[in-house]
Amino acid sequence: MKTKKRFIGVGVDHSVTLPSLRALKKQLKTPLALIHFDAHFDSYPPAWDCDFHHGTFVRHAVQEGLIDPKLSLQIGIRGPFSVKEDAAFSEKHGITVWAMEEIRKAGVEGLVKKWPSFGNTPVFLSFDVDCVDPSQAPGTGTPVIGGMTTYEVQQFLRSLPKINLVGADVVEVIPAYDPSEITSLLAVDVMFEILSHMSL
Ligand SMILES: [Mn+2]
């Protein structure tokens, strides 16, 4: 299914993704495939008396039938994890996880040979800048050491097969923590790569 308009959302807080997925599901009437770059699974349980926060969009998207977990993958995941439910969720629902260990072991080149066959399924790409190592993306709220390089991110994005990419977002940039502005530079370049892909 094709849509005429495509978009990139830009947000600080990763909770912006869920409404985008809800709107797309409503419009397209089919679950989306999700390509999710992040250090975190974002299937965290309710916290701070709140079931909807920046670490829960994947859990809600699966539970609400917005995404097809079998056609979804998470790239750049790494510990330490604060709750075990978070890590177990993706496994239980069959979401593919390319954790940092696998990225280091197989390399981007080895992994991208295994992109799922998305066919004509609408795909949403959600990019949390904390998938990148804090040395190259310090301007974010929940940095995790041991992450990807900006080069590896480019290699992943440039190796994407031609897919029906209907929407995307780039999130979790906090300018106040980004004095050298390298995190904003990463975010802008990731948006450029995504727009380039959408124009194919
Ligand atoms: Mn994150």
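Using a Gaussian network model of the chain in which every pair of alpha carbons under 10 angstrom is joined by a spring, one finds that among S90, S117, S135 the greatest mean-square fluctuation is at S117.
Hull volume per residue, based on the alpha-carbon atoms of the range 84-141 and their convex hull, is 140 Å³.
Using only side-chain charges placed at the Cβ, +1 for Lys and Arg and -1 for Asp and Glu, the dipole size of the chain relative to its Cα centre rounds to 1160 debye. Placing R0 at 22 angstrom, the Cβ-Cβ distance between S184 and V112 gives a FRET efficiency of 0.25 after rounding to 0.05.
What value, in deg cm²/dmol to 500, does the helix sum -39500 (n - 2.57) over DSSP H runs of n ≥ 4 give at 222 nm once divided by the residues of the chain? Don't skip to the answer; put the middle values down first.
On the way: 6 runs with 67 residues, N = 200.
About -10000 deg cm²/dmol.
Working note: Debye formula, equal point scatterers on the alpha-carbon atoms of the chain, no solvent; log10 I(q)/I(0) at q = 0.13 Å⁻¹ is -0.64.
As a rough guide to protection, the peptides 48-57, 30-39 ranked by mean Cβ packing within 10 Å, highest first, stand as 30-39, 48-57.
The peptide list 171-178, 119-126, put in order of mean Cβ contacts within 10 Å with the highest first, becomes 119-126, 171-178.
Quick one: of the DSSP bridges fully inside the chain, what percent are antiparallel, nearest 5? It would help to have the intermediate numbers written out before the result.
Numbers: 1 of 26 bridges.
Beta bridges within the chain, antiparallel portion: roughly 5 percent.
In a Gaussian network model over the chain where Cα atoms closer than 10 Å are linked, find which of A88, A187, A99 has the largest mean-square fluctuation. Fluctuation is largest for A88. The distance between label points at T30 and K105 comes to 3.4 nm (points 7 Å beyond Cα on the Cα→Cβ vector). Counting only trypsin sites (Lys or Arg not before Pro) that are in a DSSP loop and have at most 11 other C-beta atoms within 10 Å, tell me the longest site-free stretch of the chain. Between the exposed loop sites, the longest stretch runs 30-161.
Every read-out reported here was derived from the displayed coordinates using simple, explicitly stated rules and does not represent laboratory data. Computed from a prediction, not measured in an experiment: that's the story for all the values here. Every residue, glycine among them, receives a Cβ derived from its backbone with ideal geometry; neighbour counts consider all protein chains shown.
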